[in-house]
Structures are given as C-alpha cells and as structure tokens.
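Engineer: Below is a structure I'd like to ask you about.
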Amino acid sequence: MPSVLILNGPNLNLLGTRQPEVYGVTTLADVEKLCTDAGAALGFDVACVQSNHEGVLIDQIHAAKGPHDGIVLNAGAFTHTSIALMDAIASVELPVVEVHLSNIHARESFRHRSYIAPVAVGQICGFGARGYVLALDALADVFARK
C-alpha cells in the first residue's frame, strides 16, 4: 500500500479561524480527515504532520524517504522564502505535490514566487481543501506510471 505524507507548514494550525475570507472555514482537522478518507479510497496510507518551524518541516521531508512514497506539501509562507525546503525536497527524490488553499498567483506579488515548484511534480492552488484531494489523485497517477 503506498504511503503519503501530508505536510502542512506555518499558520495552517489556525485554519478555520485565520482569515476565513481567504482560507475558508475548514479546519486543519477537517483537512486531515479529508486526506485520510481520500487516501483510503485510493488505497493509500496517509500520515499528517503540521509544524510552524522550518527545520521540523525539513526533518519531516528527510524522514519521509523510505516510509513514504510521496508528499503533499502546503509549505505556507515558506513556499516563497525557503531554499532549504527546496533543497530538502530535491534531496529525498520523492514526488511532491505543492498545494495552496488560495490562488497564490492572484494574491500579492511576493506570493507569486514558489521555491517549491521547481522541485515538485506539480502545483495545485486556489481550490481550498479540495486541492489536497486533487494532489492525492495526482500522486496516484505518478505512482501508476512507476
């Protein structure tokens, strides 16, 4: 059974209450249940981790090599600043799908740059929590091609 790590970055623990006009009212617990259910339907084992700390996210990416077959990553604001996350993803050689709840390309110009995109198999943004399900579907396609 393929295993996927759902990795959420800074401030995503505040989903449901943080800027609901941008991020909606879905909580992180709702997102994690959605991912677990969607993963089960695809025959995946799903593990969910959230951290506000860049180093913890890097450690999780490193630790994913071996136990996991792919990663769904919402790096939050680190998307636009972290070369270290980009390097970690490149180092583990696992397929990563970048996810954002909002459409980062329709927001402030500093959000248009993603350091994750060059090392990800794809980017999904603007579909709210449904983006995680789309990312899992995308990983199913990636796994099927292996």
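Engineer: What number does segment 3-145 give for Rg over Rh if you use C-alpha atoms and the Kirkwood radius?
Structural biologist: My calculation puts Rg/Rh at 0.93.
Engineer: Can you give the helix-only mean residue ellipticity at 222 nm for the chain, where every DSSP H stretch with n ≥ 4 adds -39500 (n - 2.57) and the sum goes over all residues, rounded to the nearest 500 deg cm²/dmol?
Structural biologist: Dividing the helical sum by the residues of the chain leaves -11500 deg cm²/dmol.
Engineer: OK, next. What percent do you get for the relative contact order of segment 62-144 when only Cα pairs under 8 Å and 6+ apart count?
Structural biologist: 32
Engineer: Additional query: What is the dipole size for segment 3-145, taken about its Cα centre, with +1 at each Lys and Arg Cβ and -1 at each Asp and Glu Cβ, in debye to the nearest 20?
Structural biologist: 280
Engineer: Which whole-number percent is the relative contact order of the chain (Cα, under 8 Å, 6+ apart)?
Structural biologist: 26
Engineer: Would you mind classifying segment 85-146 by shape? Square roots of the alpha carbon gyration tensor eigenvalues, ordered a ≥ b ≥ c; an a/c under 1.5 is rounded, otherwise it is prolate if a/b is larger than b/c and oblate if not.
Structural biologist: Taking the square roots of the gyration eigenvalues as a ≥ b ≥ c, segment 85-146 is oblate.
Engineer: Something else about it: Roughly how far apart, in whole Å, are the Cα centres of segment 23-79 and segment 123-137?
Structural biologist: 12
Engineer: Let me ask something else. Would you grab the residues whose amide H sits under 5 Å from the one on VAL4? Only those 5+ places off in sequence or on another chain, please, with H modelled 1.01 Å from N.
Structural biologist: Amide H to amide H, under 5 Å and 5 or more residues apart or across chains, VAL4 pairs with ASP45, VAL46, ALA47, ASP69.
Engineer: Taking the chain as a Gaussian network, Cα atoms linked when under 10 Å apart, which of ILE71, ILE104, ILE89 shows the biggest mean-square fluctuation?
Structural biologist: ILE104
Engineer: Sticking with this one: With θ set to phi - 60°, apply the Karplus curve 6.51 cos²θ - 1.76 cosθ + 1.60 along segment 29-42 and write out the HN-Hα couplings as whole Hz, x wherever there is a Gly or Pro.
Structural biologist: 4, 4, 4, 5, 5, 4, 5, 4, 5, 5, x, 4, 5, 8
Every number in this text was worked out from the coordinates using simple rules, so none of it is lab data. Please read these numbers as outputs of a predicted model, since none were measured by experiment. So basically every Cβ, Gly included, is an ideal-geometry build from the backbone, and we count neighbours across all protein chains shown.
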